[in-house]
Amino acid sequence: MIATPQAIDRAMVENIVRQIIYDRFAPRDARTGYRPRLLVNISARHAHVTQEDLEVLYGKGAKLTPFKKLNQEGEFAADQTVTVIGPRQRMIPNVRILGPCRTFTQVELAFTDGISLGIDLPVRKSGNHENTPGCWLQGPAGILPLHQGVIRAERHVHMGDADIAYYGVKDGDRMNLRIESDCPTVLEGLLVRHSPKFKLEVHLDTDEGNASNLTKATHVELVKV
Ligand SMILES: [Zn+2]
């Protein structure tokens, strides 16, 4: 069956919030009794936008409206989407915007997306746009030329205070994520991102999720290196 645009869009929506929870494996901290609830989220391609850029795409006074709440406090997948246009007019439609608006506009794609768009993606921590490529974003009200900010987001894990203590790491450290599945994989060098507001959550992209068959994993654990 050939998927209709609506069906594709629905699949992508589901993809962006595809979360796998592995909480029954992590042992309790003997001292504090804390047991981390490790959640692994496969983030599909998405965009973050400034309010100013949103208005170019969706018109004066446009507001992002929540379609689905995400795990981190206050974050949501918005109803609004954009078409990402690369060189030679190759494009990917229905790329979801994540809200709320940020102080920078950024497009996060998987390497597979970069290949189909013809964009050589640099691996970057969110917000680091130095020497990154641009693209065009198209919304119902207009086209936004984006001069930089198209990245392949660096794999990372969000941690709150209790998680930092449990794993014995700090912001900026690196950890490994070991995935047991029929495509067993160790993803090395996950960047630890700490904020008291963060809930424990690993963010991978669709290439990583697919390569390790993560949705059918039997065990996943964070390993200190
Ligand atoms: Zn993240």
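Kindly indicate whether any position in the stretch 78-88 is of a type outside the set (Val, Ile, Thr) and touching a residue at least 60 places away in the same chain (Cβ under 8 Å).
The initial filter retains those residues of the stretch 78-88 that are of a type outside the set (Val, Ile, Thr), namely 78-80, 86-88.
Those still in the list that are touching a residue at least 60 places away in the same chain (Cβ under 8 Å) too: none.
No: the stretch 78-88 contains no residue that is of a type outside the set (Val, Ile, Thr) and touching a residue at least 60 places away in the same chain (Cβ under 8 Å).
Give the residue that is farthest from the ligand (Cβ to nearest atom), with candidates limited to residues of the stretch 188-224 that are charged (D, E, K, R), modelled with pLDDT of 95 or more and assigned to a helix (DSSP H, G or I).
This residue is ASP207.
Among the numbered criteria (1) surrounded by fewer than 21 Cβ atoms within 10 Å (Cβ to Cβ); (2) away from the ligand (no atom under 16 Å from the Cβ), which single criterion is violated by LEU70?
Among (1) surrounded by fewer than 21 Cβ atoms within 10 Å (Cβ to Cβ); (2) away from the ligand (no atom under 16 Å from the Cβ), the lone unmet condition for LEU70 is (2).
Anything in the stretch 168-182 that is modelled with pLDDT of 95 or more and open to solvent by less than 60 Å² (accessible area, probe 1.4 Å)? List them, or say none.
Result: GLY168, VAL169, GLY172, ASP173, MET175, ASN176, LEU177.
Take the residues of the stretch 79-104 that are basic (Lys, Arg) and away from the ligand (no atom under 16 Å from the Cβ): which is least open to solvent (accessible area, probe 1.4 Å)? So that I can check it myself, show each step before the final result.
Here is the first cut: in the stretch 79-104, the residues basic (Lys, Arg) are 88, 90, 96, 102.
Subset that is away from the ligand (no atom under 16 Å from the Cβ): 88, 90.
Numbers: ARG88: 180, ARG90: 89 Å².
It comes out as ARG90.
I'd like to verify a number: residues in the stretch 105-123 that are free of Cβ contacts under 8 Å to residues at least 60 places away in the same chain and open to solvent by less than 50 Å² (accessible area, probe 1.4 Å), how many? Give the steps one after another, and end with the answer.
So in the stretch 105-123, the residues free of Cβ contacts under 8 Å to residues at least 60 places away in the same chain come out as 105-106, 114-123.
Now drop any that are not open to solvent by less than 50 Å² (accessible area, probe 1.4 Å), which leaves 105-106, 114, 117-119, 121-122.
Number satisfying all stated conditions: 8.
Of the conditions (1) away from the ligand (no atom under 16 Å from the Cβ); (2) closer than 30 Å to GLY59 by Cα, ALA165 clears all except one; give me its number.
Just one mismatch for ALA165, condition (2).
The values are calculated or read from the model by the stated rules, or taken from the named source; none is laboratory data. Predicted model only: the values in this text are computed from it and were never measured. When we count neighbours, we look across all protein chains shown, and the Cβ atoms used for this are built from the backbone with ideal geometry, even at glycine. The protein model used for the area step is the full one, side chains on, heavy atoms only, and it has no ligands, DNA or RNA in it. Shrake-Rupley method; radii C 1.70, N 1.55, O 1.52, S 1.80 Å.
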